[in-house]
Amino acid sequence: MAEKKIKKEHPAKFSFQNEFYSDLSMPSMLYAKVIRSPIKKGIITSVTHPDLPDGYFLFTARDVPGSNLIDTPLGKVPVFSEGNVSYLGEPIGLLAGPDEKTVNRLLQEIDIGYDRNSIDYYFKEITVDGEDKLFSSEITSRKVTWGKNVEKIDDIINESDYKSEQTWTFAVSALNTTEPNGALCSFSNNNLTVFTSAQWIFQLRTILSTALKIKNENIIIKKTKTMDYGTNSIWFNSIITCQAAVASFHTGLPVKIVYTREEQLRFMDTMQPISIHYRTAADKDGTLTAISADIKMDAGFINPFCQEIIDRLVIASIGIYRAKNISINASAIQSYNPPSSIELGLIDQAAFFALENQMTLMSKECSISPLELRLKNSVFSGNPKKQDFPFLFSVEKGNEVFSALSTAGDFNRKYTTYNLNASSVFSDLSGEKRFASLAPLRGIGFACAYEGSCFFGSEANANNQYIEVTLEENSTLIIHTSPVSHSIEMIWTKLASEMLSIPQNSVKIDTNFPAEKEPPLPESVYSNISVMTELLKKACETIKKKKEKESLPISVKKTITPAIKKLWNKEKFTGFPYHSTSFAAATVELEMDITLYREVIRSIKIVISSGKVMHLQSAQNSIKLAVQKVLQTLVKDEPLDCPDIKIAFIQSDENPKQIGEVIKKIVPAAYTQALSQALNTTVTKLPLTTDSLYEFLKTKKEESKPTEEQNNENTGNPEL
């Protein structure tokens, strides 16, 4: 796409742009490329070029006008490494010039001096998945115990009627085919103008002011379109923007950085594996007596959201299940990897993947159906407001979700049939029958999860969400907030028009903010439909009362009340962790194509409880699209597909609740369960590779072959 020319101007200090920063250009603009460390550990001693042409520039840490170190909750992060490097590819400088191809060529000619062996003492070596890796000390952790006999949980598990132990590994990144990260910066007359897809404007302004040593009011931010919501894109975008701003500061020319697709994948979208080791136990009737989990997260070099990630993984690792005794340990470990990035809405995805697979494994041990085990041990039967469990959830109609999905998908019958089928198929392989002559290998998986809105334990948003609404003299209603999705805009305009008895087209979303009054929180916080819709509803109710006594215009601002925030006890780490929760369950049914060693997904059925659904068709279409996106991430370089996707909503009059990410929390687990049943094995990792199923079948076939001793017994010729 041709770049759009923009002129230098002096606009408001902050505004939203309906365009991508990478499509923009300015007169005399320089193209910049990041110079990256060629080593993953050590000290960079020099960064030079033997003969830079006129008009080309090289910048390093010494060229940062203000502070080169950016504050994060876990310590300081450099704009450019000042010496010590912590991962392969860490930024150590910037090369800029008027011709992009020449910049790329000169980048290959940069001389980098380094010493590899300077900080080995800081890390210790351990073995992970058979590979030696260097790790430092633990960055952060969280431990939760619950139950009268939890101190004896090891004995309880060992002595239980039924028990299961397994390690699950999850490293599925959200599919991202949008523009890579970067920024366009122009420094002129002591003013800095920035075009970037930043999500955290308040943080960006503060960091730019610190790094360039200029006043906040001298920074003009043009926030462009955002499509990537990983944690790296929230905080590391500010560092990328600083790098371009430093170059513009010194040259007096506009400077643009656009990451390549490879850079985006390696340094912005990379998700390091999360490992969860479960031990679970149940008594004779299938009642869970213990859940024990050990969660390990590789945070890479640094991740400022580590504590929130660990906390939400711990909460989700119990899910909806009331075990009598619970022990959860979670820790984030530093490594010589780029910062690990997870979408805020998908933080607990790994925990639900592991938990739901573990519960189905447990049901197999107890010889009951996965659905029966879930019904027997869910929190739905108890009082949701009684503090008899570490984490409380207001989940509406959870049992109805289970019932509707079981009926629609004929789950119990299919699960039992496919179990018998898989067992007989692999048993027959001992007689060397061919796969083609046997019954089809089929499997069905069941998984459920909640989606929590507004995590009260978050340091990123501090639960300061607010909305401002104004009813103008011409009866136009202005909702003043950050940009929201089209579906949320439809819900809000319809809700407001109905409450205030005004036409829907008279309700407008205003995303313009006065100078330095931009939202203090990350953009993803304001996309929270549950919290923000409730605040909008309260604002409309107030306006409705006021307009009977006051003249127009009337403005109302609503925020989360202190009483709501107190539902979660941050110090004791207990209570209601979320403002509200939606709930969903899914079944995935598949069949193995033995000739191609590939799976064919026959159907996916999903039932959701998410409060009032104001645009049913739009909601169903959105969920179907989400399912297709998930299917593209489960097998590397091999997108899956399903022609039969059915979505149903449980009817309710409650406020609409967030459902944007719940599909990503249930489909992966249901998929691996279906595979495990069809292959009569246990699939413990995601994503898979294109040859994974071939290896599963090959291994299973080898395991099914009779030994020489068994052959002798079968033929009546015992070995002498």
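Summary table below
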| quantity | calculated |
| --- | --- |
| Residues (surrounded by fewer than 19 Cβ atoms within 10 Å (Cβ to Cβ) and aliphatic (A, V, I, L, M)) located in the range 157-187 | A171, L175 |
| Total residues in the range 572-607, condition of a type in the set (V, I, T) and either modelled with pLDDT of 95 or more or touching a helix residue (DSSP H, G or I) at 6+ places or on another chain (Cβ under 6 Å) (or both) | 7 |
| Those residues of the range 597-628 which are in a strand (DSSP E or B) and under 18 Å from Q651 (Cβ atoms), in sequence order | K605, I606, V607, I608, S609 |
| In the range 601-656, the residues that are closer than 17 Å to A585 by Cβ and within 18 Å of the chain's Cα centre (by Cα) | I623, A626, V627, V630 |
| Residue in the range 550-561 that is under 30 Å from S141 (Cα atoms) and either modelled with pLDDT of 90 or more or out of contact with any Cys (no Cβ under 7 Å at 6 or more places or on another chain) (or both) present | yes |
| The range 552-588, residues that are in contact (Cβ under 8 Å) with a residue 40 or more places away in the chain and either in a loop (DSSP other than H, G, I, E, B) or among the charged types (D, E, K, R) (or both) | L552, P553, K557, K558, I560, K565, L567, K570, F573, F576, P577 |
| Residue list for the range 555-588, filter: in contact with an Asp or Glu (Cβ under 9 Å, 6 or more places away or on another chain), farther than 17 Å from Y466 by Cα and not aromatic (F, W, Y) | P577, T581, S582, A584 |
| The range 648-681 - residue that is β-branched (V, I, T) and closer than 24 Å to I347 by Cα and, of those, surrounded by the fewest Cβ atoms within 10 Å (Cβ to Cβ) | I659 |
| Positions within the range 42-65 being in contact with a Leu (Cβ under 7 Å, 6 or more places away or on another chain) and part of a loop (DSSP other than H, G, I, E, B), in sequence order | H49, L52, Y56, P65 |
| Qualifying helices (runs of 4 or more DSSP H) (wholly inside the range 660-720; at least 1 residues being of a type in the set (V, I, T) and either at pLDDT below 70 or not assigned by TED's automatic domain parsing to the domain that holds G443 (or both)) | 708-715 |
| Per-region count, the range 397-412, residues in contact (Cβ under 8 Å) with a residue 40 or more places away in the chain and either over 17 Å from A449 (Cα atoms) or part of a helix (DSSP H, G or I) (or both) | 10 |
| Sole exception among (1) more than 25 Å from the chain's Cα centre (by Cα); (2) modelled with pLDDT of 95 or more for T241, by number | (1) |
| Matching residues in the range 211-237 - criterion: being more than 22 Å from N303 (Cα to Cα) and among the acidic types (D, E) | E217 |
| Per-region count, the range 264-278, residues buried (at least 20 other Cβ atoms within 10 Å of the Cβ) and not polar (S, T, N, Q) | 7 |
| Meets criteria (surrounded by fewer than 23 Cβ atoms within 10 Å (Cβ to Cβ) and in contact with a His (Cβ under 9 Å, 6 or more places away or on another chain)) for D294 | yes |
| Residue check, F352 modelled with pLDDT of 95 or more and of a type outside the set (V, I, T) | yes |
| Pairs where the first residue, in the range 525-538, is among the polar types (S, T, N, Q) and the second is in a helix (DSSP H, G or I) and modelled with pLDDT under 75, C-beta under 6 Å, 6+ apart | none |
| Some residue of the range 88-95 being in contact with a Phe, Trp or Tyr (Cβ under 7 Å, 6 or more places away or on another chain), among the β-branched types (V, I, T), surrounded by 15 or more Cβ atoms within 10 Å (Cβ to Cβ) and at pLDDT 95 or above | yes |
| Residue count for the range 56-78, restricted to those that are modelled with pLDDT of 95 or more and surrounded by 21 or more Cβ atoms within 10 Å (Cβ to Cβ) | 3 |
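This table checks each residue for (1) more than 25 Å from G300 (Cα to Cα); (2) of a type in the set (A, V, I, L, M, F, W, C).
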| position | (1), (2) |
| --- | --- |
| S160 | yes, no |
| A174 | no, yes |
| A183 | no, yes |
| L192 | yes, yes |
| W200 | no, yes |
| S209 | yes, no |
| I239 | no, yes |
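Here is a yes/no grid of residues against (1) touching a strand residue (DSSP E or B) at 6+ places or on another chain (Cβ under 8 Å); (2) more than 30 Å from S394 (Cβ to Cβ); (3) not charged (D, E, K, R):
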residue	(1), (2), (3)
D298	yes, yes, no
I315	yes, no, yes
A330	yes, no, yes
Y336	yes, yes, yes
P339	yes, yes, yes
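The rows are residues; the columns are (1) surrounded by 24 or more Cβ atoms within 10 Å (Cβ to Cβ); (2) more than 30 Å from S86 (Cα to Cα); (3) not assigned by TED's automatic domain parsing to the domain that holds R142.
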site: L288; (1), (2), (3): no, yes, no
site: D298; (1), (2), (3): no, no, no
site: S331; (1), (2), (3): no, no, no
site: P339; (1), (2), (3): yes, no, no
site: F352; (1), (2), (3): yes, yes, no
site: E356; (1), (2), (3): yes, yes, no
site: M359; (1), (2), (3): yes, yes, no
site: E372; (1), (2), (3): no, yes, yes
site: F380; (1), (2), (3): no, yes, yes
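The values are calculated or read from the model by the stated rules, or taken from the named source; none is laboratory data. Note that this is a predicted model, so its numbers are computed, not measured. For neighbour counting, all protein chains shown are included, and Cβ atoms are generated from backbone atoms with ideal geometry for every residue, glycine included.
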